[in-house]
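Undergrad: Here it is: the structure, laid out below.
The values are calculated or read from the model by the stated rules, or taken from the named source; none is laboratory data. The shown structure was predicted, so the numbers you read here are calculated from the model rather than taken from an experiment. Neighbour counts are summed over all protein chains in view; Cβ atoms, including those assigned to glycine, are modelled from backbone coordinates with ideal geometry. When the accessible area is computed, the model is the full protein with side chains, heavy atoms only, and any ligands, DNA or RNA have been set aside. Shrake-Rupley method; radii C 1.70, N 1.55, O 1.52, S 1.80 Å.
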Amino acid sequence: MLTQNLAPRSPLAADPGASRGRLASEPPSPTRNPFQRDRDRIVHSTAFRRLAHKTQVFVHHEGDHFRTRLTHTIEVSQLARALARAFALDEDLAEAVALGHDLGHTPFGHAGEDALDACLDRFGGFDHNSHALRLVTELERHYADFDGLNLCWETLDGLVKHNGPLTEADGRPAPRYAKRGVPAAILAYDRKQSLELAAYPSLEAQAAAIADDIAYNAHDIDDGLRAGLFTLRDIRDVPYLDALVAEVERLHPGLEPSREIHEMSRRVITRFVEDAILSARERLSADRIETAAHARAAGRAMFDFSDAMAEAERDIKAFLFQRMYRHADVNRMRAQADRIVRTLFSAYAERPSDMPAFWAERAEAIGPERAAADYVAGMTDRFALSEYRRRFDPEARVR
């Protein structure tokens, strides 16, 4: 094998040379290590390409400058690499997890996921992390020798657990799965290849998870300002953001609004990244974490914010919830997206033969409801709208 990476590697880093391997055995690549191959497979997957036309908060037609799932994913990937680099972790694994973390999302952002979850309430619900696992282990169909992408264990572990363990040490579901239990698809895969659901994921996966939080905070503020849902004056109600706006105005008096927004947004990213690095250093030192295995068994995440920054993040999220996620214009679009997703799901669940042949055949194997949800979840915003318009309402548009 050619030399992969000449940069020094920390004992905290996941080692691609010691990967736990893939479910289906494959010969090694002469030019790429396992984590690099996983990253490339994710980028070349159908699910990844579809992220370009799946929205975060705004639906596609609202403008070309707002984030999509794809632009968000790229931003998360950049931050995850930066965080991994600060600790000499494996940047390729951090990037692979970051690039794959949103593969399981539906059209129309969280409105679409909430609608599908309600549609599947009697069938185990819909969970985007579980759906992402199914995409990369069975639903992507490109390779001659296996279904899915046949990613290595470390990447799957990061995709499923980047937000933390799924179960307690005694096997009970973690709090976020207390109502319904760990999704059946995750448990089924775990029986084939244990993902150690009670353990924390690698530090690389933790870096990707906190990068996701940072990117959300920064770009939702940026998108909300540019969309006119709130103003720079409004965000000064959040003490942490007030200090950043004041700093920008002091250093650059009279700056045009678009530049002022960018200067403030970039400070949000920088300060949160710096805090995450300093906090991780303190936790690693306090818990005497010296190896990658120690980090997995630590009992808490090593990548997290300091108490002060965690409070700032809570304030930012509370502001965004009230002024953006529940804004009247966004609520109106959420309601229309909810109707589109529910209507499409019901139609396909009742008549699976209306879906393409692959999905109609899966309906016989796994049930019409789950097959219909899988099909709708894979749609982009514009395809879902097009199908809804074609089948039910020629005049329909999200507006």
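Undergrad: Pull out all pairs, ordered by first then second residue, where Cβ-Cβ is under 9 Å, the residues are six or more apart or on different chains, the first lies in region 242-260 and is farther than 16 Å from Thr270 by Cα, and the second is open to solvent by 70 Å² or more (accessible area, probe 1.4 Å) and assigned to a helix (DSSP H, G or I).
TA: His252/Arg259; Leu255/Glu249; Ser258/Arg226
Undergrad: So if I check each of Ala337, Ala310, which one is crowded, with 20+ Cβ neighbours inside 10 Å, at negative phi and among the small types (Gly, Ala, Ser)?
TA: Values: Ala310 fails: crowded, with 20+ Cβ neighbours inside 10 Å.
Every option except Ala337 fails the conditions.
Undergrad: If Phe123 satisfies every condition in (1) at pLDDT below 95; (2) in contact with a His (Cβ under 7 Å, 6 or more places away or on another chain); (3) not acidic (Asp, Glu) but one, which is the exception?
TA: (2)
Undergrad: Within region 148-184, can you find the residues that are open to solvent by less than 30 Å² (accessible area, probe 1.4 Å), more than 22 Å from Leu203 (Cβ to Cβ) and not in a loop (DSSP other than H, G, I, E, B)? Spell out how you get there, then give the answer.
TA: Step one: of region 148-184, the residues open to solvent by less than 30 Å² (accessible area, probe 1.4 Å) are 148-162, 164-167, 174, 177, 181-183.
Now drop any that are not more than 22 Å from Leu203 (Cβ to Cβ), which leaves 148-150, 177, 181-183.
Tyr177 - this is the single residue of region 148-184 that is open to solvent by less than 30 Å² (accessible area, probe 1.4 Å), more than 22 Å from Leu203 (Cβ to Cβ) and not in a loop (DSSP other than H, G, I, E, B).
Undergrad: Filter region 15-47 for residues that are within 15 Å of Gly100 (Cβ to Cβ) and of a type in the set (A, V, I, L, M); which is surrounded by the most Cβ atoms within 10 Å (Cβ to Cβ)?
TA: Only one residue fits best here, namely Ile42.
Quick grid of which residues meet (1) in contact (Cβ under 8 Å) with a residue 24 or more places away in the chain; (2) in contact with a helix residue (DSSP H, G or I) (Cβ under 7 Å, 6 or more places away or on another chain); (3) of a type in the set (D, E, K, R); (4) open to solvent by 40 Å² or more (accessible area, probe 1.4 Å):
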site	(1), (2), (3), (4)
Leu93	yes, yes, no, no
Gly100	yes, yes, no, no
Leu103	yes, yes, no, no
Gly109	yes, no, no, no
Ala118	yes, no, no, yes
Asn129	yes, yes, no, no
Arg134	yes, yes, yes, no
Glu138	no, no, yes, yes
Ala144	no, no, no, yes
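Undergrad: Considering only residues that are among the polar types (S, T, N, Q), part of a helix (DSSP H, G or I) and exposed (fewer than 14 other Cβ atoms within 10 Å of the Cβ), which ones fall in region 242-295? It would help to see each step written out before you state the result.
TA: Within region 242-295, the subset among the polar types (S, T, N, Q) is 258, 265, 270, 279, 285, 291.
Filter again for part of a helix (DSSP H, G or I), leaving 258, 265, 270, 279, 285.
Within region 242-295, Ser258, Thr270, Ser285 qualify.
Undergrad: If you scan region 220-240, which residues turn out to be in contact (Cβ under 8 Å) with a residue 40 or more places away in the chain and in contact with an Asp or Glu (Cβ under 8 Å, 6 or more places away or on another chain)?
TA: Of everything in region 220-240, those that are in contact (Cβ under 8 Å) with a residue 40 or more places away in the chain and in contact with an Asp or Glu (Cβ under 8 Å, 6 or more places away or on another chain) turn out to be Ala227, Leu229, Ile235, Val238, Pro239, Tyr240.
Undergrad: Pick from Phe345, Phe383, Phe392: which is in contact (Cβ under 8 Å) with a residue 24 or more places away in the chain and touching a His at 6+ places or on another chain (Cβ under 9 Å)?
TA: Testing whether each residue is in contact (Cβ under 8 Å) with a residue 24 or more places away in the chain and touching a His at 6+ places or on another chain (Cβ under 9 Å) leaves just Phe383.
Undergrad: Against the condition open to solvent by less than 70 Å² (accessible area, probe 1.4 Å), small (Gly, Ala, Ser) and in a helix (DSSP H, G or I), how does Ala349 come out, does it pass?
TA: yes
Undergrad: Condition (residue is under 15 Å from Phe108 (Cα atoms) and either within 22 Å of the chain's Cα centre (by Cα) or hydrophobic (A, V, I, L, M, F, W, C) (or both)) applied to region 303-320: is it met by at least one residue?
TA: Here is the first cut: in region 303-320, the ones under 15 Å from Phe108 (Cα atoms) are none.
The answer is no; no qualifying residue exists.
Undergrad: Continuing with the same structure: Might you check whether a residue that is under 30 Å from Val238 (Cα atoms) and touching a residue at least 60 places away in the same chain (Cβ under 8 Å) occurs anywhere in region 355-370? Step through it out loud before you land on a result.
TA: Taking region 355-370 as the starting set, the residues that turn out to be under 30 Å from Val238 (Cα atoms) are none.
For region 355-370, residues under 30 Å from Val238 (Cα atoms) and touching a residue at least 60 places away in the same chain (Cβ under 8 Å): absent.
Undergrad: Quick check on my filter: what residues within region 369-391 are buried (at least 21 other Cβ atoms within 10 Å of the Cβ) and either over 21 Å from the mean Cα position of the chain (by Cα) or in a helix (DSSP H, G or I) (or both)?
TA: Listed by number, the residues that qualify are Ala371, Ala372, Ala373, Asp374, Tyr375, Val376, Ala377, Asp381, Ala384, Leu385, Tyr388.
Undergrad: Looking at Phe58 and the list (1) open to solvent by 20 Å² or more (accessible area, probe 1.4 Å); (2) under 25 Å from His262 (Cβ atoms); (3) modelled with pLDDT under 95, which single condition is not satisfied?
TA: (1)
Undergrad: Scanning for something among the aromatic types (Phe, Trp, Tyr) and under 23 Å from the mean Cα position of the chain (by Cα), does region 224-232 turn up at least one residue? Before the answer, list the steps.
TA: Initial filter on region 224-232 (among the aromatic types (Phe, Trp, Tyr)): 230.
Of the ones still in play, those that are also under 23 Å from the mean Cα position of the chain (by Cα) are none.
No, the conditions are met nowhere in region 224-232.
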